[in-house]
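Structure first, commentary second.
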Amino acid sequence: MPRKLFRYALAPLLVVALASVTACGSSDPVETETSDVSTPMTISFFGSDANPTWNGMQDEVGKEITKATNVTINAEYDVSGGGTQKIALMTASGTYPDMIFPKGSITKLVEAGALIDLTDLINKYGPNIKKVYGDDLARLQYSKEDPSIYVLPTNAGVGQTSFDAGGGFEVQHAVMKEMGYPKIETVKDFEKVLKDYKEKHPTINGQPTIPLSLNADDWKIMITVTNPGFLATGAPDDGEFYINPETYEAQLHYKRPEEKEYFRWLNHMYNEGLLDPETFTQKTDQYNSKIASGRVLGLIDQDWDYQQAENALKSSGMPERTYGHYPVQLNTETKDRSFQDIGAPVGYGVGITTSAKDPIRIIKFLDWMSSDEAQILNQWGIEGKHYEMKDGKRIIPADVQDKKTNDNTNFVKTTGVSGYTAFGVHYGDGVKDSTGNYYTTNFPEQIIAGYTAAEKETLKAYGATTWKDIFPQKDEFPVKPWGAAYNLPAPDDQEYTVNFQKGQDIVRKRIPEAILASPEEFDTVYDEMVAELSTEPMKKMEASYTQLIKDTVELWSKPVAAK
């Protein structure tokens, strides 16, 4: 069996996409006694991410799923996240669970011949899967050389219309209120608000005020330090690359002159005493502890990274110390592209392994989990328990919404609501079912109901009802024909891999050095980094990625063919 030519590159946002092996050496799935959905079946499963809400399907939604499908999931999750070591052991032994959510280790499974091609299974037994993806089923194909479907992307919703913002530049509501709700469009606006407030309040709750703190702990340096380099200079999120929308040529995004100026601003913030000096030494728990104390005025982050700390602020009676989201740019000449349309999503997902004795039954289960009935059950819960029908509309009672807002982890663990999205493709926010109701609970009215009084007050001051209202909208930008590049495979050859990793090592060393340098030293440090990222091997690596983007655009324009 020929070695696969592609692998998944590491990228900023939680990344991976569709991958697997050719069907070479394996027989076609055949109907078995257990393919009958009336027969009880236990499916073994491994998930690469930690899952603190998993309750062995003993929650309310889990029991309903078993009742409807006669399937029980015997799941194991990687408590440390990533699953790398566990999957390495699997590939060494050749023994796998029936299903797997492999995240960044897909390449190892591909090379080990561990996953089966799902194309024919979907065509024969996946009407709901085909309905959800529609004409975009071609996006599930692995590569131009191997246009098979190996992973169902279940981490993101199809047709997603995000109604709220969870990233950008964050400022405490208390700060914005005292400063009179000023315009905050550029990094200088952001800086002025933090600086002025700190001068008035050098301490908060008896501790020194921190104007801005970032989380550079391990891979999270990408989320709060390096990714904002492109987001604040008008570029979309394509992982470590900037892709020219006209030519599809890719380059490491740090080489853009405007990003140099963004990092110069961070250098200025450090030298002015406005950036937390522990930014590059603190761990995530220390970062969140500072936020939970109420003394960190500003962040540049995604809310999932500091959500635990925000919940602590709410529980401690300090909702005014939680944060609003603002589309801050280096200057007024660019726009934040957080909401640029990437088309139907690809990304993290679930695959069926060659160890599965009954892949037909498993695909039937995954297809049922992709049905309207299952999507509503998973997203809304059980009628009469977790939502009510009033005048034809699904409504979440106030007491249930309160539990979701203030103790979501325990709510999911007990009820199972939203806890099973990994097991079926599904529609995203903003898509309505045949009854005119949204598939998910993330729509404007419900989102607003979950806001604190402090959030509502800040939004009202800016003439907005949700944080997304403040950001540039998706109709201001064209649809990206390659989707999100961080979800795509990169050339799987040793030369590419070595140089990509070398680039990562250079950036993670040089960016902190540049930010912490004296203003006089900044240009020298940054220019040295750009030179190190511009060698011939690096340019060859970028050229390979350019070809990948071009191949992807071509591949996605073709329909999926039956095997």
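The values are calculated or read from the model by the stated rules, or taken from the named source; none is laboratory data. On a predicted model such as this, the values are computed, not experimentally measured, just so you know. Neighbour counts run over all protein chains shown; Cβ positions are idealised from the backbone, glycine included.
Yes or no: the range 434-449 includes at least one residue that is of a type outside the set (A, V, I, L, M) and more than 30 Å from Asp136 (Cβ to Cβ).
Applying the first criterion (of a type outside the set (A, V, I, L, M)) to the range 434-449 yields 434-446.
Of the ones still in play, those that are also more than 30 Å from Asp136 (Cβ to Cβ) are none.
The answer is no; no qualifying residue exists.
With respect to the numbered conditions (1) buried (at least 17 other Cβ atoms within 10 Å of the Cβ); (2) touching a helix residue (DSSP H, G or I) at 6+ places or on another chain (Cβ under 6 Å), which one is the sole condition not fulfilled by Met179?
Failing condition for Met179: (1).
Only helices (runs of 4 or more DSSP H) wholly contained in the range 168-274 count here; list those with 1 or more residues that are on the phi > 0 side of the Ramachandran plot and not hydrophobic (A, V, I, L, M, F, W, C). Talk me through it step by step, then tell me what you get.
On the way: elements: 173-178, 187-200, 227-231, 257-271.
In the range 168-274, no matching helices (runs of 4 or more DSSP H) lie anywhere.
Which of the following residues is modelled with pLDDT of 90 or more and farther than 30 Å from Asn311 by Cβ: Gly166, Gly126? So that I can check it myself, show each step before the final result.
Working: Gly166 fails: farther than 30 Å from Asn311 by Cβ.
Of Gly166, Gly126, the one residue that is modelled with pLDDT of 90 or more and farther than 30 Å from Asn311 by Cβ is Gly126.
Looking at (1) in contact with a Gly (Cβ under 7 Å, 6 or more places away or on another chain); (2) over 18 Å from Pro327 (Cα atoms), can you tell me which one Lys200 breaks?
For Lys200, the failing item is (1).
Give the residue that is nearest to the chain's Cα centre (by Cα), with candidates limited to residues of the range 473-486 that are assigned to a loop (DSSP other than H, G, I, E, B) and aromatic (Phe, Trp, Tyr). Don't jump to the end; show me each part of the working.
Initially, the range 473-486 is screened for residues assigned to a loop (DSSP other than H, G, I, E, B), giving 473, 477-484.
Now restrict to residues that are aromatic (Phe, Trp, Tyr): 477, 482.
On the way: Phe477: 21, Trp482: 17 Å.
For the range 473-486, the residue satisfying everything is Trp482.
Is it the case that the range 434-445 has a residue that's more than 30 Å from Phe46 (Cβ to Cβ), assigned to a helix (DSSP H, G or I) and charged (D, E, K, R)? Give the steps one after another, and end with the answer.
First, the residues of the range 434-445 that are more than 30 Å from Phe46 (Cβ to Cβ): 434-438, 443-445.
In the following step, the residues that additionally are assigned to a helix (DSSP H, G or I) were identified as 444-445.
Keeping just the survivors that are charged (D, E, K, R) gives 445.
Taking every residue of the range 434-445 in turn, at least one turns out to be more than 30 Å from Phe46 (Cβ to Cβ), assigned to a helix (DSSP H, G or I) and charged (D, E, K, R).
Looking at Gly430, Gly392, which one is surrounded by fewer than 17 Cβ atoms within 10 Å (Cβ to Cβ) and either modelled with pLDDT under 95 or farther than 21 Å from Gly56 by Cβ (or both)? Full working, then the answer.
Numbers: Gly430 fails: surrounded by fewer than 17 Cβ atoms within 10 Å (Cβ to Cβ).
Only one candidate qualifies: Gly392.
Six or more apart or on different chains, Cβ atoms under 8 Å: show the pairs whose first residue is in the range 125-143 and in the same structural domain as Asp36 (by TED's automatic domain parsing) and assigned to a loop (DSSP other than H, G, I, E, B) and whose second is modelled with pLDDT under 95 and of a type outside the set (A, V, I, L, M, F, W, C).
Tyr142/Ser20; Tyr142/Ser148; Tyr142/Tyr150; Tyr142/Pro489; Ser143/Pro489; Ser143/Asp551
So, of the residues in the range 452-472 that are touching a residue at least 12 places away in the same chain (Cβ under 8 Å) and assigned to a loop (DSSP other than H, G, I, E, B), which turns out to be surrounded by the most Cβ atoms within 10 Å (Cβ to Cβ)?
Step by step, filter the range 452-472, then rank; the result is Phe471.
Within the range 509-522, identify whether any single residue is out of contact with any Cys (no Cβ under 6 Å at 6 or more places or on another chain), among the hydroxyl-bearing types (Ser, Thr, Tyr) and surrounded by fewer than 22 Cβ atoms within 10 Å (Cβ to Cβ), and answer yes or no. Walk me through it before giving the result.
As a first pass, look at the range 509-522 and keep what is out of contact with any Cys (no Cβ under 6 Å at 6 or more places or on another chain): 509-522.
Then keep just the ones that are among the hydroxyl-bearing types (Ser, Thr, Tyr); that gives 518.
Adding the requirement that they be surrounded by fewer than 22 Cβ atoms within 10 Å (Cβ to Cβ) leaves 518.
Yes, there is a match, as at least one residue in the range 509-522 is out of contact with any Cys (no Cβ under 6 Å at 6 or more places or on another chain), among the hydroxyl-bearing types (Ser, Thr, Tyr) and surrounded by fewer than 22 Cβ atoms within 10 Å (Cβ to Cβ).
Among Leu274, Leu299, which is buried (at least 21 other Cβ atoms within 10 Å of the Cβ) and farther than 20 Å from Ala490 by Cβ? Let's see the steps before the verdict.
Working: Leu274 fails: buried (at least 21 other Cβ atoms within 10 Å of the Cβ).
None of the others qualify; the one that does is Leu299.
(1) of a type outside the set (Lys, Arg); (2) modelled with pLDDT of 95 or more; (3) not in a helix (DSSP H, G or I): which one isn't true of Asp523, the others all being true?
All conditions are met except number (3).
For the subset of the range 432-446 comprising residues that are within 19 Å of the chain's Cα centre (by Cα) and of a type outside the set (Ser, Thr, Tyr), which member is nearest to Ala156 (Cα to Cα)? Even if it seems obvious, please write down each step before you answer.
Just the residues of the range 432-446 that are within 19 Å of the chain's Cα centre (by Cα), to begin with: 440-443.
Of the ones still in play, those that are also of a type outside the set (Ser, Thr, Tyr) are 442-443.
Values: Asn442: 13, Phe443: 16 Å.
The residue in question is Asn442.
Return only the number of the condition from (1) of a type in the set (Asp, Glu); (2) touching a Phe, Trp or Tyr at 6+ places or on another chain (Cβ under 6 Å); (3) under 21 Å from Phe365 (Cβ atoms) that Asp120 does not satisfy.
Exception for Asp120: condition (2).
Can you tell me which residue among Asp402, Asp429 is farther than 26 Å from Pro102 by Cα and among the acidic types (Asp, Glu)?
Values: Asp429 fails: farther than 26 Å from Pro102 by Cα.
Only one candidate passes the filter, namely Asp402.
How many residues are out of contact with any Lys or Arg (no Cβ under 8 Å at 6 or more places or on another chain), assigned to a loop (DSSP other than H, G, I, E, B) and surrounded by 16 or more Cβ atoms within 10 Å (Cβ to Cβ) if we restrict to the range 487-505?
1
Looking at the range 532-554, which of the residues that are buried (at least 17 other Cβ atoms within 10 Å of the Cβ) and aliphatic (A, V, I, L, M) is farthest from Asn123 (Cα to Cα)?
Restricting to residues being buried (at least 17 other Cβ atoms within 10 Å of the Cβ) and aliphatic (A, V, I, L, M), the top hit is Leu533.
Quick one: which of Val187, Val193, Val225 is crowded, with 18+ Cβ neighbours inside 10 Å, more than 25 Å from Glu532 (Cβ to Cβ) and under 26 Å from the mean Cα position of the chain (by Cα)? Break it down stepwise before answering.
Values: Val193 fails: under 26 Å from the mean Cα position of the chain (by Cα); Val225 fails: more than 25 Å from Glu532 (Cβ to Cβ).
Checking each option against the conditions leaves just Val187.
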